[in-house]
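Bear in mind that the values in this text are calculations on the coordinates, not laboratory data. All values reported here derive from a predicted model rather than from experimental measurement. Cβ: placed from backbone, ideal geometry, glycine included. Neighbour counts: every protein chain shown.
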Amino acid sequence: MTQPHIAVIGAGAMGGWTAWHLQQKGANVTLIDAWGPGHSRASSGGETRLIRGIYGQDRIYVEWSIRALELWKELGKRWQESLYHHTGLLWMFVEDDDYAKLSIPVIEEFGLTVDQLELADAQKQYPQVNFEDVQSVYLEHSAGYLKARHACRVVCEQFQKAGGVYQQLGVDPEFNDRDEIDHLRLSDGSTLTADQYVFACGPWLPKLFPDIIGTGISVSRQEVYYFGTPAGVDLFDTGQFPAWLNYDEPLYYGVPSVDRRGFKICDDSRGPLIDPTHDSRIPSETRIEQARQFLGHRFPLLKDAPLIESRVCQYSNSPDGHLVIDRHPHSENTWIIGGGSGHSFKLGPALGEHVSQCVMGAAEPNAMFSIERLKDTNSSGS
Ligand SMILES: Cc1cc2nc3c(=O)[nH]c(=O)nc-3n(C[C@H](O)[C@H](O)[C@H](O)COP(=O)(O)OP(=O)(O)OC[C@H]3O[C@@H](n4cnc5c(N)ncnc54)[C@H](O)[C@@H]3O)c2cc1C
């Protein structure tokens, strides 16, 4: 029996894992990316991403996060690549901690453990932190971080080792008069025809499909900073401090210093809109200053820490923060995967598994991830 030929466009966290799973299922897969897996403009670029199970009451993300963690660990071991790093995640709630409280019964059902720490104990355990205005603290034990750019490269290499074909080219879909995809036009002037097409193009989806996505996914500019720790102080390095999340307005989160690159801090509030291809990646002085203020307050030893590296990345925000996993409404053989909304790197292995099942006809996409719900929305970055 001939296997279906499936073209996956986009080798980020979503496309890379989808291509790998499809290849494992025996499909004949071509993975194509304009700039390569985890490149510096992609949403999956950069050093690290958090992986956590606490997800409010969104059960499907808890399930996928747990399945993904299993695969991150198992495949990292099989491929002899360090992808997942166990640090635990320190949740600090400045006000209401419903998000954690609602999650705990769900994640405990799946066998994960979370401890609520007494403030005095937290202070003893983490002298690096000023808990003065914090109301409650939780330690999520199995959480940690993933090597982002590195993982994208490894997944693409493993996909090729398993027989998949990878090409570094730009792709333009060519539609026929019934509005279905007829073939792909590639940037080297060639064309590619496949049985099915999966567009996992992250922040490029609105431009590729203006009629069906348009403003339904807004692409916001997100800044990431690495601050230098004082000489001789290892209190902010991996092994000494967990990944952390400060649940407040704005929400800051970060990763301890990995590979001596500095203490990472990200502001989760949505930045202005960004064009992922053309816009500059220089961080704004105002936002750096805001992050510095927060840093000095929460981690007093870092009060005068210099900014030693920075990145500008982007979130692809759907109106409700949920993913997009659906068939193109006019093109039965075309799938659109995206809407990562700032939380989907971790899900890659589980999401790719699910998408591969949908594409191979063994599962149907969940209505909560439909394209239909993007219609008439005008979500935009702040
Ligand atoms: C600052 C920041 C922090 C984050 N923190 C976390 C976190 O801690 N935990 C977490 O789980 N998630 C986090 N996320 C979110 C997560 O990184 C994204 O949801 C995820 O990486 C999105 O992956 P993607 O594959 O959809 O997109 P991308 O990684 O952008 O991949 C899309 C790919 O498609 C390719 N492409 C697009 N158009 C074309 C075309 N026409 N032809 C060929 N190729 C094309 C691009 O080159 C790109 O490589 C964060 C995101 C950012 C920006």
For the range 14-161, the spread of Cα positions along each principal axis, largest first, Å:
55, 31, 25
Once the principal axes of the Cα atoms of the range 185-226 are found, what is the range along each, listed largest first in whole angstroms?
41, 28, 17
Hey, what angle do you get for helix 59-78 against the long axis of the chain, alpha-carbon based, 0 to 90 degrees rounded to 10?
90 degrees
Distance cut-off 32 Å, Cα to Cα: go down the list Lys77/Lys303; Lys77/Lys124; Lys25/Lys264; Lys25/Lys346 and report the pairs above it.
Lys77/Lys303; Lys77/Lys124; Lys25/Lys264
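Taking the Cβ of each residue in Thr215, Thr238, Thr286 as the centre, tally the other Cβ atoms inside 10 Å and list the residues starting with the fewest.
Thr286, Thr215, Thr238
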For Phe110, the net charge from surrounding residues (Cβ-Cβ under 14 Å; K, R +1; D, E -1) works out to -3
Cα→Cβ-extended label distance, 7 Å offset, between Ser187 and Glu74, nm
3.6 nm
Burial ordering of Met368, Met360, Met92, fewest other beta-carbon atoms within 10 Å first:
Met368, Met360, Met92
Computed over the chain: longest principal axis from alpha-carbon atoms vs helix 285-298 long axis, angle to nearest 10 degrees, is 50 degrees
Suppose we keep just the alpha-carbon trace of the chain; what are its Rg and Dmax in angstrom?
20.9, 68
I'd like the orientation of helix 148-161 relative to the chain: the angle between its Cα long axis and the longest Cα principal axis, in ° from 0 to 90, rounded to 10.
30 degrees
